Structure formats: structure tokens, C-alpha cells
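Below: one structure, written as C-alpha cells.
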Amino acid sequence: MLQPKILPRIENFEKLAYGLFLHYGLYSQLGRGEWVRYFEKIEKQEYSKLLKTFNPQDFDGRKIAKFAKDCGMRYICLTTRHHDGFSLYDTKGLCDFDSIHSPCKRDLVEEFVAGCRAEGIVPFFYHTTLDWYQENFENNFSQYIDYLIASVEILCRNYGTIGGLWFDGNWSKPKADWQEDRLYATIRKYQPEAIIVNNTGLVARGAVGHPEIDSVTYEQGSPELRDQSGREKYIAGEMCQTMNMHWGIGKYDFCYMSPKEIIERLCACRRVGANYLLNVGLTSTGQIPEYESAALLRVGQWLAMHGECLYNARPYAASSNNSDFVLKSPNHLYFFISNLGVIGDINVTSIIHKKYPRAFAGINDKIKCMQWLDNGERLTFTQNNDGLLCFDATGYPYGTNLVVRIAKAEI
Ligand code: GLC
């Protein structure tokens, strides 16, 4: 069946590959997640007091963008407004529940975008569609939609070219008339090349909605390889995930992913051509918390060794009998190999094999030579005319363990 042509903006989005999701707002002061108002049934008046104590003294757009770059990330998606209805940007009088009306009087979106530009990071705007602050959300939905679209128009007109808009909340009223045509037309008018995402939520992961949508979401899930054949439009995929169990900072959430798991998840996304948008909940003052910072920088070191294929190479239809997989770029195949041991001896390392034979079926490009990407060590292999490739993956030299090791093959 015919494959749809990929739009340049979607192709560019796929090459961004790995991004930082940032949750920041009034709720960050409480440190019990971004849904705290809802789950603790905090009255609107009571919750609104957080506006007076909001103090983003450590929020530094440039520093955050530099951090993302050091971690090997190419884009950042910031919560410009979350479900509590508070905006990190100047809503120009639409509503006084924004950062301009807090004691800091700052437009954090403006600072964020400037920081991203200075560091070569692509800025994306998360924007809620569900709103616990606006009474019209319950009482006069069409007026609420006017307010939502006017808000998005502000974001599209005042901050230069942005990477895209990431909506979240339509799942809260599945039967409502969200006027998506109007919303997306507003974006296309001012930001024709912006990627448009509308999170389908935890239940409908990977679902395609409106034809203007450029990427589907896999919230906290395992992304799948999308069969694009016969479809009108090629649509990208993106998995967003928390590093612990909350999006907004959770002071008592100890359930964190390790750098090993992050590397594995990133690879699992790229295996199916999806982007990985990994979340950090900023502290009350707007800082990246210590553990997140250390873990992500560690993964950044792994990416510095392996980046050449993580951003640009695409899925390749080969099969193996374990979790290993292959990506392809114009002149190379990249073999992603897991479960290798560290070479040592029985007294220091638990796994002492020197070689780990691996086999792949469906390798229809003729391979000229193969070597590990990290240290250039040559690998011996055999390939037959039926696309069967066998090679001896060697264990990690003592002193290293890369979690996933990549062999680069010239074709
Ligand atoms: C969910 C949550 C929201 C979070 C989002 C991120 O939709 O409602 O709090 O921001 O996921 O993907």
C-alpha cells in the first residue's frame, strides 16, 4: 500500500528525538504533584493565594536550555498553562491569574524562549485545554473556548517561531465541542510550521484525532511502530514520561527511574521511530532538582557517545530473538545490543564471557564492515544471501558498561 509523504516539519520533529518536558506552576510550591488542587479539593480562593507567594527566583531560561543541551536533548516543552488555570505568560489582560500578576511580575515564557534560542534548543508550549479556574469551563463552554483560543493566539503571536503546541485536556470532556478546527487554524495562521499535538491521555494512547495533528502521544507507555501505509498523512509519535510518578514536583516521591532505565526507554522509542519527551517537575523556585539533574546529565554522557544514530537513523525491519534491534541511516546500519557483560574474571565480574553471538534476520543491505561505536573495536561477522547476519558481540572492556551498546555497520 502507498506510504504517505512525510511533511518537512514532521521529519524535522522526528530528528529532535529527545526532549525535556517541564512542569512548573503554582502547584510546584506545594510539592505534591500538579493535580494537588483537584485531589485535595482545595477551594479556588485558597489555591489562588499561591499566586502571592509564587517566587521563581531560580527560573533561568538560558540555564535550563543549556542543561537540556548538555543532556543531549534537542527540545523543551514547558507548561505555559496547566489545569489549575495559572499561566506562566502575560495573558495581556485576558485573565489576571498569570505570572505577571504575581509578585515577580515576570513573563517566564518569554525568558524560556529567549534561553532556548540562545542555546539552539527548540521551544514547545504545553497548554491545557481543561481549566479548573475559569468558571466558564463548566458554565459557558463556548465562551471558555473563545478564551482558550485567545490565549493560544497570544502564544503564537508574541514569542517568535516556536517548535509546536502541545495540548492536554480534551479527554476531560470527550463529548464537548472543542472547536479544534478553529484552534488549529489560529495556530496555522501565525505558526504554519508548528507541530501540533493534542494528548489523547492515558486511556487512548497512540490514537489519532484531528487531521491537523502532527504527532500522536504515548503517555507513560510503550510506543508502537506506526503503520503509515494507506494513511492520508504521515504522523510522528512521541512518548512522554515522568522520571518518578508525578509530573509536577513530588517532594515525597522516591520512585525514580535510573539512568539505565532512561537509556533503555530512549532506545525503545527510537526503535519504533518515536520521540522521547522526558519530564522534570521544577522546584518551587524554578530549579531542576538534584537527582533529575545528575541522572539526566549521566544519560547525556551516553548520548554524546552514541548520538550520531539516535537523532537521524530510522527503524529498520530486521528481527532478532531478543531485545536487540536495528536502525538505518543512508550509509549505515546501527545494531543496538543489550545484555552484554563486563569482561573480567570470576573474582570481580559476575559475567565473564568474552563473546556474545548475535543473529539478525532481514538484513538485506550488504554489510562491508562492523565496529563498536564507543571504542571502534572491529567485529567479525558473517552474512548470507537470505539476509541472515551473525556476529560476535564482545563484552564490555573492564571499567565500562553502556547498558545498550551500538555496533555501526557500513553498507
Ligand atoms: C496528563 C495529566 C497532566 C500532565 C500530562 C502530561 O494528561 O493530566 O497533569 O501534565 O498528562 O502528559
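How many residues, within the range 316-329, are open to solvent by 50 Å² or more (accessible area, probe 1.4 Å) and out of contact with any Phe, Trp or Tyr (no Cβ under 8 Å at 6 or more places or on another chain)?
Matching residues across the range 316-329 total 4.
Each row is one residue, and each column tells you yes or no for (1) touching a Ser or Thr at 6+ places or on another chain (Cβ under 7 Å); (2) basic (Lys, Arg); (3) more than 16 Å from the ligand (Cβ to nearest atom); (4) open to solvent by 10 Å² or more (accessible area, probe 1.4 Å).
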| site | (1), (2), (3), (4) |
| --- | --- |
| Leu50 | no, no, yes, yes |
| Asp60 | no, no, yes, yes |
| Ala68 | no, no, yes, no |
| Met73 | no, no, yes, no |
| Ile76 | no, no, no, no |
| Gly85 | no, no, no, no |
| Asp96 | no, no, yes, yes |
| Lys105 | no, yes, yes, yes |
| Gly120 | no, no, yes, yes |
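Exactly one condition in (1) farther than 19 Å from Trp35 by Cβ; (2) open to solvent by 10 Å² or more (accessible area, probe 1.4 Å) is false for Ala236; which is it?
With respect to (1) farther than 19 Å from Trp35 by Cβ; (2) open to solvent by 10 Å² or more (accessible area, probe 1.4 Å), Ala236 is out only on (2).
Suppose we keep only residues that are of a type outside the set (D, E, K, R) and surrounded by fewer than 19 Cβ atoms within 10 Å (Cβ to Cβ) within the range 30-42. Which one would you say is farthest from the chain's Cα centre (by Cα)? Lay out the reasoning, then the answer.
Going residue by residue through the range 30-42, those that are of a type outside the set (D, E, K, R) are 30-31, 33, 35-36, 38-39, 42.
From what's left, surrounded by fewer than 19 Cβ atoms within 10 Å (Cβ to Cβ): 31, 35, 38-39, 42.
Working: Gly31: 22, Trp35: 20, Tyr38: 25, Phe39: 26, Ile42: 30 Å.
For the range 30-42, the residue satisfying everything is Ile42.
For (1) more than 25 Å from Glu261 (Cα to Cα); (2) open to solvent by 30 Å² or more (accessible area, probe 1.4 Å), each residue gets a yes or a no:
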position: Asn331; (1), (2): yes, yes
position: Ile337; (1), (2): no, no
position: Ile346; (1), (2): yes, yes
position: Pro357; (1), (2): no, yes
position: Phe360; (1), (2): no, no
position: Met370; (1), (2): yes, no
position: Cys390; (1), (2): yes, yes
position: Tyr396; (1), (2): no, no
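The values are calculated or read from the model by the stated rules, or taken from the named source; none is laboratory data. As the structure is a prediction and not an experimental result, all values here were calculated from the model. Every residue, glycine among them, receives a Cβ derived from its backbone with ideal geometry; neighbour counts consider all protein chains shown. Ligands, DNA and RNA are stripped out before the accessible areas are found, and what is left, the full protein with its side chains, is counted by its heavy atoms. Shrake-Rupley method; radii C 1.70, N 1.55, O 1.52, S 1.80 Å.
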